[in-house]
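Participant: Below is the structure I would like to discuss, written out as structure tokens.
The values are calculated or read from the model by the stated rules, or taken from the named source; none is laboratory data. Because the structure is predicted, anything quoted here is derived from the model rather than measured. Cβ coordinates were reconstructed from backbone atoms using ideal geometry, including for glycine residues, and neighbour counts include every protein chain displayed.
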Amino acid sequence: MRWIFLCLACLSLCPGLAFSQVNTGELRLKVTDPTGAGVAASVSIVSHGNQYDLSIATNTQGTADIHRLPYGIYLVTVQRQGFTVVSHTVQVESAIPSITRSSSRSLP
């Protein structure tokens, strides 16, 4: 009887463990010019696999953080007037943040 009570007590803790599992990650972006200085830019993050589409702007230091990003493969496109458009494929597969740097050249 004591063993059954112990098993039931352990099982009652399991639902909490299931809720603590995550299936989202974080993407940290840094957009720089050729000299390495951060620049504000428009960023598009798209995944056709999970129908995710987000357009954001980096701050004046060129950084942006995207939280609770569902696991998947994303196309990250960075645009800024006067610079070339840059695209990267990024895979988010864990809760550990993915860090993506993007540098663009100015147009001639």
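Participant: So in the range 86-108, with the set limited to residues that are over 25 Å from PRO34 (Cβ atoms) and outside any strand (DSSP E or B), which one is modelled with the highest pLDDT?
Facilitator: Initially, the range 86-108 is screened for residues over 25 Å from PRO34 (Cβ atoms), giving 91-97.
Cutting the leftovers down to outside any strand (DSSP E or B) gives us 93-97.
On the way: GLU93: 86, SER94: 79, ALA95: 73, ILE96: 68, PRO97: 66.
Out of the qualifying residues, it is GLU93.
Participant: List every residue pair whose Cβ atoms lie under 7 Å apart, where the two residues are 6 or more positions apart in sequence or sit on different chains, the first residue falls within the range 59-70 and is farther than 17 Å from VAL39 by Cα, and the second residue, located anywhere, is of a type in the set (S, T, N, Q).
Facilitator: ARG68/THR24; LEU69/THR24; PRO70/ASN23; PRO70/THR24; PRO70/ASN50
Participant: Follow-up question, since we're still on this one. For a quick check of your reading: which strands (runs of 3 or more DSSP E) sit entirely within the range 1-85 and have at least 3 residues that are modelled with pLDDT under 90 and within 21 Å of the chain's Cα centre (by Cα)?
Facilitator: Correct list: 24-32.
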